[in-house]
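Notes to accompany the following structure.
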Amino acid sequence: MRFLKTAVLALCAGVATMAAPVLAATDFPSKPIRIIAPSSAGGVLDLISRMVGDKLSKQLNSPVVVENMPGGGGIIGIQGMLRAEPDGHTLVMGSLGPNAANYTLYNNLPYTHADFAPVINVTSMANVLVVNPSLPVKDLASLQEYAKSRNGEIAMAISTIGASGHLSGEMVKAELGFPAINVVYKGAAPALTDLVGGQVHFMVDNMITAKPLIESGRLRGLAVFTPERSPLLPDLPTVGEQGFPQLTAGTWLGLFASAKTPPEIVKKLNVELNKVLADPEVKQAIIQRGGNPVGGTPEEFEKFIQDETARWHTVITKAGIKVQ
């Protein structure tokens, strides 16, 4: 009899354990969802996070709050997500830096690839090289000549250590053969502000935030890091057209949860976020800013991250890029 009672209790416990993720997914969300943006307000990561969060909130009829946690090359924001309860209510907008390049750039990261559950690849974006309009440069060749004449007294703004803009900028310096002072900021917005103000000289940024500054004349675009010209800035030549096809690169943003999050909740988030990215208003808003909505499954996003990590490991190692 005692054995039977123990067996029944064990069976009930097993059923409860198996049912828990389903029930959790059914009840999800049970409180406001928080999207951590590892950047300052006003940059592309922040803008996309708020755009996606606003649509997701309306779709779920539940609050979605975006919280900025800039600094540390995205590490501070990543840690903020990992410290939260792993119930799917806290996500982080990851990117190339903290979720791919950092594994090569840093010797002692406070997290590993295994700590994350990829939820969805949100968007891919083109990068552009921009300079302060006061610089006597019109293209990559004249930038090369000007930078070499300054003997290293030229400053490159970096929005986030390890981000695509930083790595692309390092490749520009290596391929064009000139040194520059790295000035690191806590996001694209303060970096662009100083670039417009003339405190720094050049920067590689994404199309979304650079485009309006180029169009207004507050910055001068020199090159786009894509194989073909962008329809958003058709007069801006590619790096390939200027003799540097090896500089072709882009960036991406995607949402992550803790690896301890119940799989059914990750799946539900993925389904809802695919709906967000398929919404015509969201799609058009992202495209108009130079991005491409991606979407897809968590498994596809995981494969993409693995490929990106391997690619940038090769680039960083070859270029000898180090975090200082």
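Tabulated values for the structure
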| quantity | calculated |
| --- | --- |
| Charge tally in the Cβ shell below 14 Å around L236, where Lys, Arg are +1 and Asp, Glu are -1, L236 excluded | -2 |
| Scaled radius of gyration (Cα, divided by 2.2 N^0.38 Å) that region 25-182 gives | 1.26 |
| Reach of K58 by Cα under 23 Å, taken over lysines that are not fewer than 8 positions away in the same chain | K31, K267, K268, K275, K283 |
| Along principal axes, Cα extents of the chain, largest first, whole Å | 90, 41, 30 |
| Potential lengthening between Q288 and N182 on full extension [0.36 nm per residue; Cα-Cα distance subtracted] | 35.1 nm |
| Added length on full extension, which subtracts the Cα-Cα distance from 0.36 nm per residue, S124 to D139 | 2.9 nm |
| Net charge of neighbours whose Cβ lies under 14 Å from the Cβ of I181, counting Lys and Arg as +1 and Asp and Glu as -1 | -1 |
| ³J(HN,Hα), Karplus 6.51/-1.76/1.60, whole Hz, each residue of region 82-95, x for Gly, Pro | 5, 7, 6, 4, x, 10, x, 8, 10, 10, 10, 7, x, 7 |
| Dipole of the chain [Lys/Arg +1, Asp/Glu -1 at C-beta], most positive-end residue of L277, P262, M203 | P262 |
| Net +/- balance of residues flanking P63 in space, Cβ distance below 12 Å, scoring K and R +1, D and E -1 | +2 |
| Cα-derived Rg over Rh, computed across region 174-301 with Rh taken as Kirkwood radius | 1.04 |
| Choice from A114, A147, A37 with maximal GNM fluctuation in the chain (Cα, 10 Å cutoff) | A114 |
| Per-residue HN-Hα couplings for region 302-316 [Karplus 6.51, -1.76, 1.60; θ = phi - 60°; Hz; x = Gly/Pro] | 4, 4, 4, 5, 4, 5, 5, 4, 5, 4, 6, 4, 5, 5, 5 |
| Candidate lysines - alpha carbon under 21 Å from K148, same-chain residues fewer than 8 apart omitted | K138, K173 |
| Given charges at beta-carbon only (K, R positive; D, E negative), |dipole| of the chain in Debye | 520 |
| Computed magnitude of the charge dipole of region 126-247 (debye, nearest 20; Cβ of K, R +1, Cβ of D, E -1) | 200 |
| DSSP loop GluC sites (Glu not before Pro) with at most 16 other Cβ within 10 Å: longest gap in the chain | 1-152 |
| Relative contact order (percent, whole number), region 81-166, Cα cutoff 8 Å, 6+ residue spacing | 38 |
| Segment Q59-K260, length gained on full extension (0.36 nm per residue, minus Cα span) | 69.9 nm |
| Projected label distance in nm at V196 and I76, using a 7 Å step from Cα toward the beta-carbon | 2.3 |
| Residue among V184, T238, H166 farthest towards the positive dipole end of region 144-261, charges placed on Cβ | V184 |
| Long-range amide H partners of F28 with built H, under 5 Å | none |
| Computed over region 126-247, Kirkwood Rh from alpha-carbon pairs, angstrom | 13.9 |
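Read-outs: derived from the displayed coordinates by stated rules, not from any lab. Small disclaimer: the values here were computed from a predicted structure and weren't measured. Cβ sites come from the backbone with ideal geometry, for glycine too, and all protein chains shown count toward neighbours.
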